[in-house]
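Below is a structure I'd like to ask you about.
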Amino acid sequence: MLKVGIAGGGVGGMAAAIALQKQGHDVAIFEQAREFGRIGADVNLTPNAVHALDGLGIGDALRRTAARPQSRISRTWDSGEETSRLPMSSAAEEKYGAPQLTIHRADLLAALESQLAKGTIRFSARVTGVEQDEHGPRILFADGSRFDCDLVIGADGIHSPVRRALYGEDSPRFTGLVSYRGVFPREAAPDIPNLDSFTKWWGPTPDLQIVTFPLNLGREIFVFATTGQKDWTDEGWTLPGDIAELRAIYKGFHPEARALLDALTEVTRSALHVRDPMPRWSEGRIALMGDAAHPMVPFMAQGACMACEDAVVLSRAIEGASVETLPRALEAYAAARIPRTTRVQEGSLANDWLKQGGNADWVYGYDAWHALDRAQA
């Protein structure tokens, strides 16, 4: 049994903890928030992520609150022309072994937390860094305390203190894009078509796009839109947005696209940042995962999905490992994951995936539970 400390109680950190506890390891998650609130709005779990989470035993909990998009549709900003339509729901389940599920972040976190041993998550624990020596790794906290363990997993996001401790200062790069997010009840716009599908409206320039999909068993509709901005100097990660300003930017879009924005009563805005792909994710007995390792813009809807995959592959890599063999196991995990996450990072930034159709199988058909076997074959 290994003693594992995980920095960060988000989707990836909790998924990894579930997988490791199922193997019999002693796992503690350190989360800086005082509690999980109903913040955020959307997580799009494509079949590759749902397949990973089903293997962790939370599939039924997810399906109790998630919506199940019928299709993935691309439409042209002014004419409304459909340029691609990929059947999802039952068709995806038959083809990929799992459907697409769209879910409120709080409901996803609740489903994950329900599978953890009681007391696994330690709230109000702000991680400031990590270190390791011949005795092993340890997590350092803002209050001056430390947690000694056999393995540290940095699942602490794009501004990861674990990453910074391993590889030095490396500020994320502003993409020049600002995202707006909002939710409206389905009955507020019952005449808009395709509300039961994931739909992306592609704008005349790469900085303009609207994405929409259902939440909460289809009772709510999530809307995501982007605009260009030269820099980002505002304090705060997510801030109130000006809905009138957003509507004005999209005034030339098709009436059905504009109706989505008209149905919103408020939006939040946040900057989109990225980092370049990393050649290494581990040092000794400390490893990174999720946004700490590979933050990406959301244009392929794979940020949380990649974290779910990471969690499964990481757990498979260290299954049966001893303290002595952990460094090699972590290197095997990274070697199996880096080519895929790099491709997804780069594809997300290019922002052209499935615009005119194309191959979804390499994304949706990935089997995290057997990925390590294929990588080592």
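The conditions are (1) polar (S, T, N, Q); (2) open to solvent by less than 30 Å² (accessible area, probe 1.4 Å); (3) touching a strand residue (DSSP E or B) at 6+ places or on another chain (Cβ under 9 Å), and Thr268 fails exactly one of them. Which is it?
Unmet condition: (2).
Restricting the search to segment 143-176, which residues are modelled with pLDDT under 95 and touching a strand residue (DSSP E or B) at 6+ places or on another chain (Cβ under 7 Å)?
If the condition is that a residue be modelled with pLDDT under 95 and touching a strand residue (DSSP E or B) at 6+ places or on another chain (Cβ under 7 Å), then Ile158, Pro172, Arg173, Phe174, Thr175, Gly176 are the ones that fit.
Can we say Asp231 is acidic (Asp, Glu) and under 22 Å from the mean Cα position of the chain (by Cα)?
On the way: acidic (Asp, Glu): yes; under 22 Å from the mean Cα position of the chain (by Cα): no.
It is false that Asp231 is acidic (Asp, Glu) and under 22 Å from the mean Cα position of the chain (by Cα).
Let me ask another. Quick check on segment 216-232. Is at least one of its residues in contact (Cβ under 8 Å) with a residue 40 or more places away in the chain, among the aromatic types (Phe, Trp, Tyr) and surrounded by fewer than 21 Cβ atoms within 10 Å (Cβ to Cβ)?
Yes, the conditions are met somewhere in segment 216-232.
Looking at segment 171-191, can you tell me whether even one residue there is in contact with a helix residue (DSSP H, G or I) (Cβ under 6 Å, 6 or more places away or on another chain) and not in a strand (DSSP E or B)?
Looking through segment 171-191, at least one residue is in contact with a helix residue (DSSP H, G or I) (Cβ under 6 Å, 6 or more places away or on another chain) and not in a strand (DSSP E or B).
Find the residue count for segment 101-125, including only residues that are in contact with a strand residue (DSSP E or B) (Cβ under 6 Å, 6 or more places away or on another chain) and open to solvent by 70 Å² or more (accessible area, probe 1.4 Å).
Residues that pass the stated criteria total 2.
The values are calculated or read from the model by the stated rules, or taken from the named source; none is laboratory data. If you're wondering where the values come from, they're calculated on a predicted model, not measured in any experiment. Positions of Cβ are generated from backbone atoms using ideal geometry, with glycine treated the same way; all protein chains shown enter the neighbour counts. Ligands, DNA and RNA are stripped out before the accessible areas are found, and what is left, the full protein with its side chains, is counted by its heavy atoms. Shrake-Rupley method; radii C 1.70, N 1.55, O 1.52, S 1.80 Å.
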